[in-house]
Amino acid sequence: MNESEIAVICKALGDENRVQIIKMLADGELCACRILEAFNITQPTLSHHMKTLTDCNLVKSRKAGKWTYYSINCETISAFKDAVSQFTCKTTAGEISAGKCCCKC
């Protein structure tokens, strides 16, 4: 996963409603109507959130008649988790304040 893809996903997850939607979908596929029931938002607002989540490939959608069902895209979630796991901290704040930082500034 490249930096641009990571940034788009982080931006999508920057909204607490979208984070809650991802948590809901962790239990399995849900109809848009079931997702909407959990929020105090309008259907167009939910559509906006779902478009954001599907555009960055965190969520997959499928139509069944007049209903739209959403599920987590496990491949994208796994790739995102792998990418984020590479973010590490080698120096603690205590080491920096104690003058044990490795930089020469």
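For the chain, the per residue solvent-accessible surface stands at 70 Å², with DNA, RNA and ligands left out and a 1.4 Å probe. Per residue, the convex hull around the alpha carbon atoms of the chain comes to 145 Å³. Multiplying the residue separation of E16 and A64 by 0.36 nm and subtracting their alpha-carbon distance yields 14.5 nm. Accessible area of E5 (1.4 Å probe, protein heavy atoms only, ligands and nucleic acids ignored): about 90 Å². One chain, two ends: S47 and T88. Fully extended at 0.36 nm per residue, the span grows by 11.2 nm beyond their Cα-Cα distance.
The angle separating the long axis of helix 43-55 from the principal Cα axis of greatest extent in the chain is about 50 degrees. Per residue of the chain, the DSSP helices (runs of n ≥ 4 H) give a summed -39500 (n - 2.57) that works out to -15500 deg cm²/dmol at 222 nm. Here the simple spin-label model places points 7 Å from the Cα toward Cβ, and for K81 and M24 these points are separated by 2.2 nm.
Rolled with a 1.4 Å probe across the full set of protein chains, the surface gives V59 an accessible area near 10 Å². Taking every lysine pair in the chain that is 8 or more places apart or spans two chains, those with Cα atoms closer than 25 Å amount to 17. Kindly give Rg over Rh for segment 4-60, based on alpha-carbon atoms, with the Kirkwood expression for the hydrodynamic radius. Across segment 4-60, the Cα-based Rg/Rh ratio is 0.94. Between I21, I41, I77, the Gaussian network model of the chain with springs among Cα atoms under 10 angstrom shows the greatest mean-square fluctuation at I41. Within segment 30-46, find all residues whose amide N lies under 16 Å from a label point positioned 7 Å from the Cα of C74 along Cα-to-beta-carbon. Only 30 pass the distance filter.
The values are calculated or read from the model by the stated rules, or taken from the named source; none is laboratory data. Just so it is clear, the structure is predicted and the values come from calculations on it, not from any experiment. Quick reminder, even Gly has a Cβ in these numbers, built from the backbone with ideal geometry, and neighbours come from all protein chains shown. Only protein heavy atoms, including side chains, enter the accessible area calculation; ligands, DNA and RNA are left aside. Shrake-Rupley method; radii C 1.70, N 1.55, O 1.52, S 1.80 Å.
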